């Protein structure tokens, strides 16, 4: 599929999605949101891709939804529009493959929400991130959902209601970034993490991601039983047997299942 608002590429089992509206600070509009979701789904179905990286062209990751979009819409039209703006929250959580955000510059409002929705995130140390919609009379409801699952209710309320921006170091302490590096090392650090994951069993990663998302939505004891069932299912696969055998034989495993 041809894309304009995002760019897609593949490198050593790593799918690369580049947000490509740099002149508009990679703000979300309808074509951008649709192409982002289509690219994510395409990467998830591609048997050559094991890990997906979302990065950005230009100076900034994304500064949210374009403010030009907030006019001349009925309530029905806004409901359809906002569902599309939030669609990546569903898409990434349902994907079989881990998704890494590679963050630079400003990551604000829905741009921050995209990072919260990603499974992992690497950031440049000069990044500023925040749920800033409140500052223009709006509110970051979509980003609040994955945010609350990372930092809890009180911190989510503070961030969403104040609209204050955090430094990369502050966001890392809250668990919103996995790693913060100098700006000139961002690409290298991101690809190092992506490469590490790409070398793992794709099937094991899929089951692990499914399990961790699922356990957030079900009671404690039920989640233990459900995750035990998933682990038992993994243990009986050819890839699990290959992984154990390769470790014992001191060689690299050859993964077959996707």
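Using only Cα atoms and rounding to the nearest 10 degrees, what angle (0 to 90) does helix 186-198 make with the longest principal axis of the chain? Once rounded, the angle reads 40 degrees. Over the C-alpha atoms of the range 202-248, the Rg to Rh ratio, Rh being the Kirkwood estimate, stands at 1.06.
Shown for 54, 65: other C-beta atoms within 10 Å of each C-beta, ranked fewest to most, produce the order 65, 54. Between 0 and 90 degrees, the angle of helix 153-162 with respect to the longest Cα principal axis of the chain falls at about 30 degrees.
Can you compute the equivalent ellipsoid semi-axes for the range 6-198, i.e. the square root of 5 times each eigenvalue of the Cα gyration tensor, sorted largest first and rounded to whole Å?
After diagonalising the Cα gyration tensor, the semi-axes are 24, 20, 15 Å.
Comparing 98, 182, 22 in a Gaussian network model of the chain where C-alpha atoms under 10 Å apart are linked, the largest mean-square fluctuation is found at 182.
A Gaussian network model of the chain, with springs between Cα atoms under 10 Å, assigns the largest mean-square fluctuation among 87, 241, 24 to 241. Packing around the peptides 232-239, 141-148, 174-181, taken as the average count of other Cβ atoms within 10 Å per residue, puts them in this order, highest first: 141-148, 174-181, 232-239.
Just to be sure I understand: of the beta bridges DSSP finds with both ends in the chain, what percent are antiparallel, rounded to 5? Can you show the working numbers first?
Values: 8 of 29 bridges.
Counting only bridges with both partners in the chain, antiparallel ones make up about 30 percent.
Paramagnetic label reach from residue 48 (point 7 Å along Cα→Cβ; backbone nitrogen cut-off under 18 Å): within the range 197-217, residues 198-199, 202. Taking Cα atoms only, the orientation of helix 30-45 departs from the longest principal axis of the chain by about 0 degrees.
By per-residue mean of other Cβ atoms within 10 Å, what is the highest-first order of 67-80, 209-222?
Values: 67-80: 10.2, 209-222: 12.7.
Taking the mean over residues of other Cβ atoms within 10 Å, the ranking is 209-222, 67-80.
Each value in this text was obtained by applying a stated rule to the coordinates, not by laboratory testing. The model shown is predicted, which means the values in this text are computed figures rather than measured ones. Cβ atoms come from the backbone with ideal geometry, glycine included; neighbour counts cover every protein chain shown.
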